[in-house]
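Q: Sharing a structure below in structure tokens format, with a few things to ask.
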Amino acid sequence: NGQEIELRRVVFTAAELFINPAIAALEEGGIPFFILEIIRKCPSHMRSYLASNIILMGHGSKVDGLLERITMELAMNGPQNLIFKVRSFPENQFGGWLGAQTFASSPFYDQSMVTQEDYKSVGESIIN
């Protein structure tokens, strides 16, 4: 009938909340924010290793394009001297085991261990 209607396209998906929770008025950071925070809190000699061994697990990690988007966000917002490698595996149900295996085979495993004796003598601050 010749009538014009202006439509505005708004793309809003639940997966975007993984990256940018602010779109739902949430103040928490998204996955890339927390990955960067964790890496920043680690000793500097471990950061490169951690950045190149990021593994997404769980059914949410299967969202199309999520892995690429997180990689892009990390590269854009993280330290320029780090190379971020983000992966996911089809065996998501084994996530805990895969993460533990990766950590246990890393060169930082032995120096990261805290014994019960250490914990009792130093206290909670030993893990911070």
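The values are calculated or read from the model by the stated rules, or taken from the named source; none is laboratory data. Keep in mind that this is a model prediction, so the values were computed, not measured. Note that we place each Cβ from the backbone using ideal geometry, even for glycine, and neighbour counts take in every protein chain shown. With ligands, DNA and RNA removed, areas are computed over all heavy atoms of the protein, side chains included. Shrake-Rupley method; radii C 1.70, N 1.55, O 1.52, S 1.80 Å.
Q: Checking Val86 against (1) over 16 Å from the mean Cα position of the chain (by Cα); (2) open to solvent by less than 40 Å² (accessible area, probe 1.4 Å): exactly one of these is not met. Which one?
A: (1)
The rows are residues; the columns are (1) in a helix (DSSP H, G or I); (2) open to solvent by 70 Å² or more (accessible area, probe 1.4 Å); (3) modelled with pLDDT of 95 or more.
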residue	(1), (2), (3)
Phe18	yes, yes, no
Leu26	no, yes, no
Gly29	no, no, no
Ile35	yes, no, yes
Ile39	yes, no, yes
Met46	yes, no, no
Ile55	no, no, no
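Q: If you don't mind, another one. Just to be sure before I move on: is Glu68 of a type in the set (D, E, K, R), farther than 20 Å from Glu37 by Cβ, within 13 Å of the chain's Cα centre (by Cα) and loosely packed, with under 11 Cβ neighbours inside 10 Å in the structure I sent?
A: Criteria met by Glu68.
Q: Here's a follow-up. Which pairs have Cβ atoms under 8 Å, sit 6 or more apart or on different chains, and link a residue in the range 65-76 that is more than 15 Å from Leu17 (Cα to Cα) to one that is in a helix (DSSP H, G or I) and not hydrophobic (A, V, I, L, M, F, W, C)?
A: Close Cβ pairs satisfying both conditions: Leu74/Pro32.
Q: Let me ask something else. Return yes when Glu68 is among the charged types (D, E, K, R), more than 28 Å from Pro107 (Cβ to Cβ) and assigned to a helix (DSSP H, G or I) and no when it is not.
A: yes
Q: If I ask for residues that are outside any loop (DSSP other than H, G, I, E, B) and among the acidic types (Asp, Glu), which ones from the range 71-92 would you list?
A: The one that is outside any loop (DSSP other than H, G, I, E, B) and among the acidic types (Asp, Glu): Glu73.
Q: Given Arg40, Arg87, which one is charged (D, E, K, R) and touching a strand residue (DSSP E or B) at 6+ places or on another chain (Cβ under 6 Å)?
A: Matching residue, one of Arg40, Arg87: Arg87.
Q: If we scan the range 93-105, do we find a residue that is open to solvent by less than 60 Å² (accessible area, probe 1.4 Å) and outside any helix (DSSP H, G or I)?
A: Looking for residues that are open to solvent by less than 60 Å² (accessible area, probe 1.4 Å) and outside any helix (DSSP H, G or I), one finds none in the range 93-105, hence no.
Q: What are the residues in the range 106-128 that are more than 28 Å from Gly60 (Cβ to Cβ) and surrounded by 12 or more Cβ atoms within 10 Å (Cβ to Cβ), if any?
A: Asp118, Tyr119, Ile126
Q: What pairs can you find where one residue is in the range 95-121 and free of Cβ contacts under 8 Å to residues at least 24 places away in the same chain, the other is of a type in the set (Gly, Ala, Ser), and their Cβ atoms are less than 9 Å apart, with a gap of 6+ or different chains?
A: Matching pairs, first to second residue: Phe103/Ser112; Ser112/Ser106.
Q: Counting just the residues of the range 108-128 that are part of a loop (DSSP other than H, G, I, E, B) and modelled with pLDDT of 85 or more, which one comes out nearest to the chain's Cα centre (by Cα)?
A: Across the range 108-128, the extreme among qualifying residues is Val114.
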